[in-house]
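Student: Just passing along the structure, written as structure tokens.
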Amino acid sequence: MRITITGKNIELTPGLKEAVEERLSKLEKYFTPETEVNVTMSVEKERRKIEVTIPVKGSVIRAEQVSNDMYI
């Protein structure tokens, strides 16, 4: 899988990138190596949001998590 991580109003530290890649590595057995995964991390006031979008075969798999901690 090819993972693209972007940040809005947040500095993407190596720790955050590593945490995201570690979590998404568990999905590798379900997707081909050419699958593109888009991750957007953003901060709005006290809300920290992570969005994951995976386009596959004409469909889109999307997940969103809002929390106070980015590492959850």
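The values are calculated or read from the model by the stated rules, or taken from the named source; none is laboratory data. The shown structure was predicted, so the numbers you read here are calculated from the model rather than taken from an experiment. Cβ: placed from backbone, ideal geometry, glycine included. Neighbour counts: every protein chain shown. Remember, those area values only see protein heavy atoms, side chains included, never the ligands or the DNA or RNA. Shrake-Rupley method; radii C 1.70, N 1.55, O 1.52, S 1.80 Å.
Student: Restricting to DSSP H runs of at least four residues, report the calculated mean residue ellipticity at 222 nm for the chain, -39500 (n - 2.57) per run over all residues, nearest 500 deg cm²/dmol.
Tutor: Estimated from H runs of four or more residues: -4500 deg cm²/dmol.
Student: Also, quick follow-up: Show me, for region 23-39, the HN-Hα J-couplings you get by feeding each phi into the Karplus relation (A = 6.51, B = -1.76, C = 1.60, θ = phi - 60°), rounded to Hz, glycine and proline as x.
Tutor: Computed from phi, the couplings for region 23-39 are 5, 6, 5, 5, 8, 4, 5, 9, 10, 6, x, 7, 5, 9, 10, 10, 10 Hz.
Student: Continuing with this model, one more query. Give the carbon-plus-sulfur fraction of the accessible surface of the chain in %, rounded to a whole number; probe 1.4 Å, heavy atoms of protein chains only.
Tutor: Of the solvent-accessible surface of the chain, carbon and sulfur hold 49 percent.
Student: Counting other Cβ atoms within 10 Å, keep those with at most 16, restrict to DSSP loop, and tell me which GluC sites (Glu not before Pro) in region 17-61 are left.
Tutor: GLU34, GLU46
Student: Here is a follow-up. Jot down the per residue volume, in cubic angstrom and as a whole number, of the convex hull over the alpha-carbon atoms of the chain.
Tutor: Expressed per residue, the convex hull around the Cα atoms of the chain is 84 Å³.
Student: Per residue, what accessible area does the chain have, given a 1.4 Å probe and all protein chains present, in Å²?
Tutor: Accessible surface, normalised per residue, equals 73 Å².
Student: While we're here: 7 Å from Cα along Cα→Cβ at both ARG2 and ALA63: what's the point-to-point distance in nm?
Tutor: 2.2
Student: Where a Cα-Cα gap under 23 Å defines reach, which lysines qualify for LYS29, not counting those fewer than 8 residues away within the same chain?
Tutor: Those lysines meeting the cut-off are LYS17, LYS57.
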